[in-house]
Amino acid sequence: MSYLRLLWGWIRQEIFAVPGRVIAAVFFILLFITPLITSEPYYLRIIIMACIFSIFAISWDVLSGVAGQLSLGHGLFFGVAAYAAALLNLHLHMPPWATIPLGSVIAVCFGLIVGIPALRLRGMYLGLVTLTFPIILTGLLFVFPDFTGGEMGISGIARLSKSNISSYYIVLVVFCVSAFIMYKFVDPASKFLRTGVILHALREDEIAARGAGINTTQYKLIAFAVSGFFAGVAGGLYAHYIKLAGPSTLELFFSFNAILWAMFGSIATIYGPVVGVFILYPLMEILSLFSWGEQTRFLIFALVLIFTLLFMPEGISTWILDKLEVKCPRCKLVNVFTRKKCRACRALLSGGK
Amino acid sequence: MFADILFNGLVAGGTYAILAIGFALIFSVARIINMAHTAFYMIAAFLIYISLTILHYNLWPCMIATVVLTGIIGVICFKLFFDRVKQHSHAVMIISIAIALLLQEIFLIIFGGTYRSIPSFVEGYMEISGTRVSNQQLFAVLSTAVILVALWLWLSKTKIGNAIRSVAQDPEAANLMGINVSNIYLIVMAVSAGMAGIAGVLMAPVHMISPLMWGHPIIIVLASIVLGGMGSIGGSVVGALILGYVETLVVFLIPGGSFMGGAVSLAIMVLVLLIRPEGLFGIFFEEERL
């Protein structure tokens, strides 16, 4: 009983007091109880795809947002893992729970291959190199159509799970676990892992990070590997969910989806890409219900990306959180905007106005 | 066979050279990687298609008007988009790809994805050492040479060319010497987009016109810029010629090579970046590499 009261007290202090955490908690609880409210396959499908794409967008954010290694061809990892999972499943008859991790490991290998140029290049040049790999791979896919299915891709893969609901929960749990791992991986305030603070340092000033005795090469490769792994998880889930691995995952547009979602949500925050995906992906799906929407999909996509870059470069979730939360000037604790005094140290929040 | 490769490589390389020189110009002066560069080429091809086959205007005024219009579109894009995010090189690159997608989609919605073609400007063909060469291709090669020489003279002999080169070297110092840097950016953007327009006009009768025609050239242009050395305008021309020949060789000699043309160029680009990042003639800026 006393433990329950302790837990309740902890929840009140740590979650109810901070609007961002309340929103996150409500969001996840809603995700978990959605199948109880509706079992309409269409809605479940949208949420499943949004979860998969969230993993993908977060993995882009880890590499390009947090570590600052601009990747313009992130679909490479996604597509490689999707193809690897499909081929393993089709030719070696492995079940999905084995193909997805194996596919992700292959994506990690590709991440390291792409990461090697990253050791010598940065900024736009790295963007150019990462842009090229999916295009080279697409060329190879079309040259060997017997093995890779060419333009049609590989179909006839096993389903993720027999029923729709269990697929939903598998994807949801994988999404929560991956998001949590990546959040902790790049959390600069973490007490156990140094990676978070080092990756942030890598983005801000690489030379200073080197000067502080950090082996930047190693951490860049780690960032590439982790990002590639989770993009691969998303790719494997995607291939098994839609039962198809096609060259569309290697297209430039597909990689740019991740960039748009992360930029729209808020770059380098991990929760930002999730917000971006869960706002933009359902909107795009609703648009494609109309015939004019299907035609203007890419147009709207490009316009949203341009407007985000020009007018909202910090992203929508940062913008909303700035309105809802106030940081205490003395103890740096986050408070609700309605409070006048800090909930811990009683300092005036308005800065003595 | 040999003469075929020689001439087709020259035609392909010439187009890529005009595209690459425009791309290199705006990159070396304003440090903008403009992925929408070949989208301007696509726009020019469509403009000349519209004016010749739909509106039935005269050829020569149309060509000039197309080039000028493309330049103006380039300046508008620069003013609206690039100018605002110029400080962040990542944002510039992402926004330029978004612009390319935007232009592609606008033309896809208006014209659909079908391939179109226009009649040659110059009829007939001639035989050169056993190879059939259409006069249109010959015309394209000759005009390319004239334009490249003219651009070189403009950059090296005139006052404004001097100003452009000095801004490319050091914008702050150029500003202190009384050069209006933002005006130079506008001029260079107009010339760069205009060069893309010239390439579009010259190649419209040779290639098929479609809203997706910008995807392949931008790959080759990027690769040739890197091969020639980023920031080197002469290097970009050499790189484009080399890659034009490489592409022709791959298409002629390897079965299934038409899928591989872009991939081989990109592999060359990655290799150059790994082995010799400054390219053939490059100036690799010290602060941009480790």
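Quick rundown of the values:
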item: Meets criteria (buried (at least 24 other Cβ atoms within 10 Å of the Cβ) and of a type in the set (A, V, I, L, M)) for A:L36; result: no
item: Failed item, numbered, when B:G161 is tested on (1) within 23 Å of B:L47 (Cβ to Cβ); (2) out of contact with any Asp or Glu (no Cβ under 9 Å at 6 or more places or on another chain); (3) surrounded by 14 or more Cβ atoms within 10 Å (Cβ to Cβ); result: (1)
item: All positions within region A:265-282 that are over 25 Å from A:Y42 (Cβ atoms) and either free of Cβ contacts under 8 Å to residues at least 40 places away in the same chain or within 14 Å of another protein chain (Cβ to nearest Cβ) (or both); result: A:I267, A:A268
item: One residue from A:E285, A:E294 being more than 13 Å from chain B (Cβ to nearest Cβ), assigned to a helix (DSSP H, G or I) and among the charged types (D, E, K, R); result: A:E285
item: Check on A:P247, within 14 Å of chain B (Cβ to nearest Cβ), surrounded by fewer than 24 Cβ atoms within 10 Å (Cβ to Cβ) and either over 23 Å from B:H90 (Cβ atoms) or free of Cβ contacts under 8 Å to residues at least 60 places away in the same chain (or both); result: yes
item: Test for A:L237: is it within 18 Å of B:L101 (Cβ to Cβ), in contact (Cβ under 8 Å) with a residue 24 or more places away in the chain and surrounded by 22 or more Cβ atoms within 10 Å (Cβ to Cβ); result: no
item: Subset of region A:186-204 (residues that are crowded, with 18+ Cβ neighbours inside 10 Å and either more than 15 Å from A:V62 (Cα to Cα) or under 13 Å from the mean Cα position of the chain (by Cα) (or both)); result: A:V186
item: The listed residue being in contact with a Leu (Cβ under 9 Å, 6 or more places away or on another chain), under 22 Å from A:I100 (Cα atoms), of a type in the set (A, V, I, L, M, F, W, C) and free of Cβ contacts under 8 Å to residues at least 60 places away in the same chain, out of A:I222, A:I242, A:I300; result: A:I222
item: Within region B:202-242, tally of residues that are modelled with pLDDT under 85, assigned to a loop (DSSP other than H, G, I, E, B) and within 11 Å of chain A (Cβ to nearest Cβ); result: 1
item: Set A:S167, A:S163: member being of a type outside the set (V, I, T), out of contact with any Gly (no Cβ under 9 Å at 6 or more places or on another chain) and either facing chain B (nearest Cβ under 9 Å) or without any contact (Cβ under 8 Å) to a residue 40 or more places away in the chain (or both); result: A:S163
item: Residue match in region A:318-328 (condition: at pLDDT 85 or above, out of contact with any Lys or Arg (no Cβ under 9 Å at 6 or more places or on another chain) and under 30 Å from A:G228 (Cβ atoms)); result: yes
item: Index of the failed condition, B:G282 passing every other in (1) modelled with pLDDT of 80 or more; (2) surrounded by 20 or more Cβ atoms within 10 Å (Cβ to Cβ); (3) not hydrophobic (A, V, I, L, M, F, W, C); result: (1)
item: All positions within region A:68-83 that are hydrophobic (A, V, I, L, M, F, W, C) and modelled with pLDDT of 90 or more; result: A:L76, A:F77, A:F78, A:V80, A:A81, A:A82
item: Candidate set: region B:68-125, residues that are out of contact with any Pro (no Cβ under 8 Å at 6 or more places or on another chain), of a type in the set (S, T, N, Q) and within 22 Å of B:M203 (Cα to Cα); chosen: the one farthest from the other protein chains (Cβ to nearest Cβ); result: B:T70
item: Scope region A:28-44; condition in contact with a helix residue (DSSP H, G or I) (Cβ under 8 Å, 6 or more places away or on another chain) and part of a helix (DSSP H, G or I); matching residues; result: A:F28, A:L31, A:F32, A:T34, A:P35, A:P41, A:Y43, A:L44
item: Count of region B:265-279 residues which are part of a helix (DSSP H, G or I) and more than 7 Å from chain A (Cβ to nearest Cβ); result: 5
item: Condition check for A:L172: assigned to a loop (DSSP other than H, G, I, E, B) and within 16 Å of A:V233 (Cβ to Cβ); result: no
item: Residue, nearest to A:A57 (Cα to Cα), within region A:205-219, restricted to residues that are charged (D, E, K, R) and free of Cβ contacts under 8 Å to residues at least 24 places away in the same chain; result: A:D205
item: Search result, residues across region A:301-329 that are more than 14 Å from chain B (Cβ to nearest Cβ), of a type in the set (D, E) and more than 18 Å from A:I15 (Cα to Cα); result: none
item: Residue in region B:236-258 that is surrounded by 23 or more Cβ atoms within 10 Å (Cβ to Cβ), within 15 Å of B:E278 (Cβ to Cβ) and not basic (K, R) present; result: yes
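The values are calculated or read from the model by the stated rules, or taken from the named source; none is laboratory data. Nothing here was measured: the structure is a model prediction, and the numbers come from that model. Quick reminder, even Gly has a Cβ in these numbers, built from the backbone with ideal geometry, and neighbours come from all protein chains shown.
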